[in-house]
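A quick write-up on the structure given underneath.
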Amino acid sequence: MKASSVTCALLLLCTLAAAPVRAAEEPVLNLYSARHYQTDEALYANFTKATGIKINRIEAGDDQLVERLKGEGAASPADILLIVDAARLWQAQQIGLFQPVKSAALEQRIPPAFRDPDGNWFGFSYRARVLVHGKQGVDPATVASYEALADPRNKGKVCARSGSHPYNLSLVASMLAHEGEAKTEAWAKQLVANMARSPRGGDSDQIKAVAAGECGVALVNTYYYARLMRSTKPEDREIVAKTAVSWPDQKTWGTHVNIAGGGVLKHAPHRENAVKFLEYLASDEAQIYFADGNNEWPVVKSVAVKNPALEALGAFKPDPLPIATLGRNTPEAQKIVDRAGWK
Ligand code: FE
């Protein structure tokens, strides 16, 4: 009797121990994502429906995810990292988080400017960095370019978040590519001298400050403004009514654009599934969910998003600079921002 009880107990233990092993054999994908939009549920569910690959998601801020991956090292369970901005993707690449991916589907669908030439990361949607200005008291002709932020006519009017934020570092990186170091530094210094207040808050806070009349013009990513345009809250409607968007540098190189994107992680336990997922993100269906979820434009040219806010903002000429170039210029951009005192 005693012996058989022991056997039973052992068998039970064996069964219990076997269960998680079997679960791990299910096709899965471990996704570290800085995204958190309503449409993401459908985005991920459709991938699972099409491939049978279950997605385990860890959602956190861009910098938190990078820190987490650094800490986990080779033991990381993560397959994919999704973050935003050239500055961050480049930094993640520099510290060796990604592994290169060669995929004909990705190369064919994603324009070269929106992906790393070596396949470390790929952009899936893009946003523009525009100037939002007050409708009252600001002549649109004085805010038609990024250079205009350094114009003496805008003294005491300019608002922007910290110069060290990736969104601004990437913009400075684009100025560096177009204008060189000396001109970019002079521009950044004058921009700081023109500020209405010291940098604080995020892009949405700058839009609010423009509507409140505290700032005349602010540097802002398009999706923050599009979000307000689509809002039904009376306070958001009022902000939109008091402000306007200017597309900078339409007469020169075009408005600075940046991406949301990601890549396969160096220690990805499910590499094949991860590549499948990136290819899925470049599909027509996923492109719409991915871009529209945050009021952005899809990188795949043949895909059109029906987004009332983006339609109202209208067409614009984007700066064709490769995102990889922005990333490469980021360290120098940080030095310029520091020297300019754009805190
Ligand atoms: Fe943002």
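The values are calculated or read from the model by the stated rules, or taken from the named source; none is laboratory data. Computed from a prediction, not measured in an experiment: that's the story for all the values here. Glycine gets a Cβ as well: all are built from the backbone with ideal geometry, and neighbour counts include every protein chain shown. Accessible surface is based on the protein model in full, side chains and every heavy atom, while ligands, DNA and RNA are left aside. Shrake-Rupley method; radii C 1.70, N 1.55, O 1.52, S 1.80 Å.
Net charge near Phe114, counting Lys/Arg +1 and Asp/Glu -1 over other residues with Cβ under 13 Å of its Cβ? Let's see the in-between values first.
On the way: positive: Arg109, Arg115, Arg127, Lys301; negative: Asp85, Glu107, Asp116, Glu296, Asp319.
Taking every other residue near Phe114 into account, the sum is -1.
Below 15 angstrom from the Cβ of Gly216, what's the summed charge of the other residues (Lys, Arg +1; Asp, Glu -1)?
+4
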- Message: Once you keep just the Cα pairs under 8 angstrom separated by 6 or more residues, what percentage relative contact order results for segment 24-77?
- Response: 46
- Item | Mean separation of Cα contacts under 8 Å (6+ apart) over length of segment 111-241, as relative contact order % | 33
- Query: Excluding same-chain residues fewer than 8 positions from Lys335, which lysines have a Cα within less than 18 Å of its Cα?
  - Reply: Lys183, Lys189, Lys343
- Message: Just to make sure I understand: if all protein chains stay in place, what is the order of Arg88, Arg237 by accessible area at 1.4 Å, largest first?
- Response: Arg237, Arg88
- Query: Spin-label point model (7 Å from Cα, Cβ direction): what's the Lys306 to Lys242 distance in nm?
  - Reply: 3.4
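Relative contact order for the chain: what is it in percent, counting Cα pairs under 8 Å that are at least 6 residues apart? Before the final figure, lay out the partial values.
Values: 639 pairs, mean separation 97.5, N = 343.
Result for the chain is 28 percent.
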- Query: How much FRET efficiency would the formula 1/(1 + (r/R0)^6) give for Gln250 and Lys54, where r is the Cβ-Cβ distance and R0 is 51 Å, rounded to 0.05?
  - Reply: 0.65
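Working from the pairwise distances between different alpha carbons, so that the mean of 1/r is found and then inverted, what is segment 61-101's Kirkwood radius in Å? All intermediate terms of the calculation are to be shown ahead of the outcome.
Working: mean 1/r = 0.0952 Å⁻¹.
This gives a value of 10.5 Å.
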- For Asn120, which sequence-distant residues (separation of 5 or more, or a different chain) have an amide H within less than 5 Å of its own amide H, given hydrogens modelled in the peptide plane? Val101
- Query: With charges set only on the Cβ (+1 for Lys and Arg, -1 for Asp and Glu), what does the dipole of segment 195-272 come to about its Cα centre, in debye to the nearest 20?
  - Reply: 100
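Could you check how many percent of all C-alpha pairs in segment 125-278 are farther apart than 25 Å?
Working: 3914 of 11781 pairs.
Value for segment 125-278: 33 percent of Cα pairs lie more than 25 Å apart.
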- Note on the structure: The Cα extents of the chain along the principal axes, largest first and rounded to whole Å, are 94, 43, 40
- Alpha-carbon centroid distance for the pair segment 314-337 / segment 273-288, whole angstrom: 25
- Message: Counting only helical runs of four or more DSSP H residues, what would the 222 nm mean residue ellipticity of the chain come to if each run contributes -39,500 (n - 2.57) and the total is spread over all its residues?
- Response: -14500 deg cm²/dmol
- Task: Using +1 at the Cβ of each Lys and Arg and -1 at the Cβ of each Asp and Glu in the chain, identify which of Gly52, Ala86, Thr232 lies farthest towards the dipole's positive end.
- Result: Thr232
- Message: Please enumerate, by chain and number, the lysines with C-alpha under 18 Å from the C-alpha of Lys276, excluding those fewer than 8 residues away in the same chain.
- Response: Lys49, Lys54, Lys102, Lys266
- Message: At 7 Å along Cα-to-Cβ for each site, give me the label-to-label distance between Glu214 and Glu285 in nm.
- Response: 4.5
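Taking the Cβ of Asp139 as the centre, find all other residues whose Cβ is under 15 Å away and add up their charges (Lys, Arg: +1; Asp, Glu: -1).
On the way: positive: Lys135, Arg153, Lys155, Lys157; negative: Asp151.
Local charge sum for Asp139: +3.
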- Item | In order through segment 169-175: 3J(HN,Hα) via Karplus (6.51 cos²θ - 1.76 cosθ + 1.60), integer Hz, x for Gly, Pro | 4, 5, 5, 4, 4, 6, 4
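Quote the charge dipole size of segment 205-343 about the Cα centre in Debye, to the nearest 20; the model charges only the Cβ of Lys and Arg (+1) and of Asp and Glu (-1).
240
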- With a Förster radius of 41 Å, plug the Cβ-Cβ distance of Asp151 and Gln94 into 1/(1 + (r/R0)^6) and report the FRET value to the nearest 0.05. 0.70
- Considering only protein heavy atoms, what per residue accessible area in square angstrom results for the chain with a 1.4 angstrom probe? 45
- Item | segment 194-343 - Debye-derived log10 I(q)/I(0), Cα point model, q = 0.13, 0.14 Å⁻¹ | -0.80, -0.92
